[in-house]
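Written below as structure tokens is the structure these notes are about.
Any read-out appearing in this document is the output of simple, stated calculations on the displayed coordinates, not a laboratory observation. No experiment lies behind these values; they were computed from the predicted model shown. Reconstructed Cβ throughout: ideal geometry from the backbone, glycine too, with neighbour counts over all protein chains shown.
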Amino acid sequence: MKRLRAIAVLPTLFTLGNLVCGFFAIVVASRVPAPADWPTEPAALMKTMGDLMQSGWLIFIAMLFDGLDGHVARLSRTSSDFGAELDSLCDVVSFGVAPAFLLVKMCPQFAYLHREAVWIIAATFAACAALRLARFNVETSDEDEHLYFSGLPSPAAAGTIAGFAVVFYTLVDPVEGVPGHATKVHSVLQTVLPIFAVLVALLMVSRIRYPHVMNQVFRGHRSFSHIVKLVFAVLAVMLIRGYALPLMFCVFALSGPVRYAWDLVHHRRTQEEPIF
């Protein structure tokens, strides 16, 4: 049996920061009442939506820690198998279990009408995230060198769920609660989100290629098109603010199957290539 002699402290702290944020995302989401007990009074509803938003932002902060730990390890020359394994274990919590639990809490109407279905969808999301991370560990030799992912990365999948939590908060008015026009949007999102979560879960375990954004943007010289995309992303965040994060993550998630279908139509890809 091998015995671990030493660990790199700084990268490990960043990785554990990822785990802690994922854990607290679950804790904060657990404050949200059960579907039958959802508040209708504006102040109480505002607090409930605030808890959902905080949980979503904690998942985004976990992504920040997840993105930094590898770079810190590389800069300090302390990359190790231990760090890679710990990173995946933490990712299962932050980008598998936490967004799955948040999904259940975000859809009270759907959960009230289809209680078993929403839990099955959430469990499927968490399971697909775990499978995605395990496959990544087996198939990837050097994370810092590759420019594409096979399947939707689990942080991006979690971002699609967490982003909607931020949107839900923007629909609430401290005086009116959920205004008339926002009520319809809120109801539609509660129905669409579980269905979209199933699609995102399947994309995680698919073989559809997705760009490694961090490596493509920040490593080496980039083409003019990369700069244009980055500028548009920054402008989107500045202009539409609360809606920017879910929109960008949803576009990224859907870009994979759209590009796959485009390549099939234009014969850039053979139908024999597996999707899963």
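Around the amide H of residue 209, modelled in the peptide plane, lie the amide H atoms of 151, all under 5 Å away and 5 or more residues distant in sequence or on another chain. For region 27-44, putting each phi into the Karplus relation 6.51 cos²θ - 1.76 cosθ + 1.60 with θ = phi - 60° gives couplings of 4, 5, 5, 5, 6, 5, x, 5, x, 6, 10, 4, x, 10, 5, x, 5, 5 Hz, in residue order, rounded to whole numbers and with x for Gly and Pro.
The Cα atoms of region 9-265 define a convex hull whose projected area, averaged across directions, is 14.8 nm². A simple spin-label model places pseudo-atoms 7 Å from Cα toward Cβ; at residue 140 and residue 267 they are separated by 3.5 nm.
In terms of surrounding Cβ atoms within a 10 Å radius of their Cβ, 47, 105, 184 rank from fewest to most as 184, 47, 105.
Tell me, how many Å apart are the Cα centres for region 155-173 and for region 38-69? For region 155-173 versus region 38-69, the Cα centre distance is 8 Å. Extension gain, residue 74 to residue 170: 0.36 nm times the residue separation minus the Cα-Cα distance gives 30.7 nm.
Can you sort 266, 186 from fewest to most other Cβ atoms within 10 Å of each residue's own Cβ?
In order of increasing Cβ crowding within 10 Å: 266, 186.
If R0 equals 25 Å, the separation of the Cβ atoms of residue 195 and residue 131 corresponds to a calculated FRET efficiency of about 0.80. Think of each Lys and Arg Cβ as +1 and each Asp and Glu Cβ as -1; about the Cα centre, that makes the dipole of region 9-265 roughly 500 debye.
Neighbour counts of other C-beta atoms within 10 Å: give me 40, 124 arranged from fewest to most.
Taking fewest neighbouring Cβ atoms as first place, the list is 40, 124.
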